[in-house]
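Take a look at the structure below.
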Amino acid sequence: MHHIVRASALFAALVAPFLCIAAVGQQPDFSKVEIKVTKVSGNIYMLEGQGGNIAASVGEDGIVIVDDEFAPLAEKIQAALKNLGITDKPVRFVINTHYHGDHTGGNVPFATSGSTLIAQDNVRKRLASGGTAGNGGSVKMEAKPAEKAALPIITFEHDVTVHLNGEDIRALHFPSGHTDGDAIIFFPKNNVVHMGDDFVRYGFPFIDVAGGGSVQGMIDGVEKAAAQLPADVKVIPGHGALSNLDDVRAYVKMLRETSGVVQKAIDAHKTLDQMKQEKILAPWAKWSSDFVSQDVFIETLYNSLTGHPGQFVKHN
């Protein structure tokens, strides 16, 4: 097996607390993390710390956040929201976009301090069972079963709406994209959407093929979401800078083209090693990163398109 991807700072930051730490070096020093708050539109804010981006609706009814990063940052996140000076009311709801630890790691402290956790059905199932996430190849991450307090207590199959702060905050499930429990969250009054990790800005995306994700589902979900959104919507990605629909379209174009090239190679009966040797994703080299390199993305697409999530042993 290859090294589990080069142990870059990005990789460690994204997923370290959620896997065998030995594989990628030490956990980040959470004491040094500062929470950066950006006003996106109206009363919607984006919070960046370590891990997935957070969206927050902050108003007189209280606060709703989308994703919660890591447990050691919960107090800093709460302090950053309080420092806005808009409300003294607590975080009433946390909506998880999917089950990965860099988006759900704060579930326990938020639940313990009174927030209600909401997510798609499969998020609760995967948090409860634990198991191996990965691209079916060189990226593997172990997650232990989560404690009871980390589990969403309200789950939904297709969609749910939270009516708070004068807004109908809609969480819509898009099946088998980044994982099998993805939700994209839309704030219609303020014209903002949080895409979770179905849309990221670090380059080729990590697709959790072992966790029910697929490139076909990711393309389908992002395209369907984009078709329902106003042209000038502000897009919060799972990771990276605030974006717009042009950024989303460029990303989907890359997914379509790269998966097309890999499918063509599969149809020509090329092996995974041949695809890597021929560097078939070289035209998209600018999307390559230490986290998801060209070779790692070839593996991801190959496993996704052939329906091989890899032979993973589930840990108890």
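When the Gaussian network model of the chain links Cα atoms closer than 10 Å, the mean-square fluctuations of 90, 152, 175 top out at 90. Relative contact order of the chain, taken over Cα pairs closer than 8 Å and 6 or more residues apart, is 16 percent. With both labels modelled 7 Å from their Cα along Cα-to-Cβ, the residue 244 to residue 34 distance reads 2.9 nm.
Note on the range 129-184: with neighbouring protein chains present and a 1.4 Å probe, carbon and sulfur make up 53 percent of its accessible heavy-atom surface.
Each stretch of four or more DSSP H residues adds -39500 (n - 2.57); spread over every residue of the chain, this sum gives -8500 deg cm²/dmol at 222 nm.
Peptides 130-142, 289-301, 188-200, 223-235, ordered by how many other C-beta atoms sit within 10 Å of their residues on average, highest first, read 188-200, 289-301, 130-142, 223-235.
Using the 1.4 Å probe convention, the accessible area of the range 198-290 works out to 45 Å² per residue with neighbouring protein chains retained.
Secondary structure note: in the chain, about 70% of the DSSP beta bridges are antiparallel.
Residues in the range 146-153 carry Karplus couplings, in order, of 6, 6, 4, 5, 7, 7, x, 9 Hz; the curve used is 6.51 cos²θ - 1.76 cosθ + 1.60 with θ = phi - 60°, and Gly or Pro positions show x. First obtain the Kirkwood hydrodynamic radius of the range 103-146 from its Cα pairs, then insert it into the Stokes-Einstein equation at 25 °C and 0.890 mPa s, and state the resulting D in µm² per second as a whole number. D = 208 µm²/s. Taking amide H atoms as placed 1.01 Å from N in the peptide plane, the amide H of residue 35 has no partner under 5 Å among residues 5 or more positions away or on other chains.
Using a 1.4 angstrom probe on heavy atoms only, work out the carbon and sulfur share of the accessible area of the range 39-122 in %. Summing carbon and sulfur atoms, their accessible area is 46 percent of the total for the range 39-122.
Put simply, the amide H of residue 105, placed in the peptide plane, has neighbours under 5 Å in 68, 69, leaving out anything fewer than 5 places away on its chain. On a per residue basis, the range 56-161 carries 39 Å² of accessible surface, using protein heavy atoms and a 1.4 Å probe. Judged by the ratio a/c of the largest to the smallest principal axis of the C-alpha gyration tensor, the range 162-310 counts as prolate, that ratio being 1.5 or greater while a/b is larger than b/c. Within the straight-line cut-off of under 17 Å between alpha carbons, the lysines reachable from residue 234 are 39, 189, 224, sequence neighbours fewer than 8 places apart in one chain being disregarded.
For the range 159-275, a crude dipole built from +1 on the beta carbon of Lys and Arg and -1 on the beta carbon of Asp and Glu, taken about the Cα centre, is about 240 debye to the nearest 20.
The values are calculated or read from the model by the stated rules, or taken from the named source; none is laboratory data. Remember, it's a predicted structure, so these values are computed and weren't measured experimentally. Neighbour counts are summed over all protein chains in view; Cβ atoms, including those assigned to glycine, are modelled from backbone coordinates with ideal geometry. Each accessible area value is taken on the protein alone, full model and side chains, heavy atoms only, with ligands, DNA and RNA left out. Shrake-Rupley method; radii C 1.70, N 1.55, O 1.52, S 1.80 Å.
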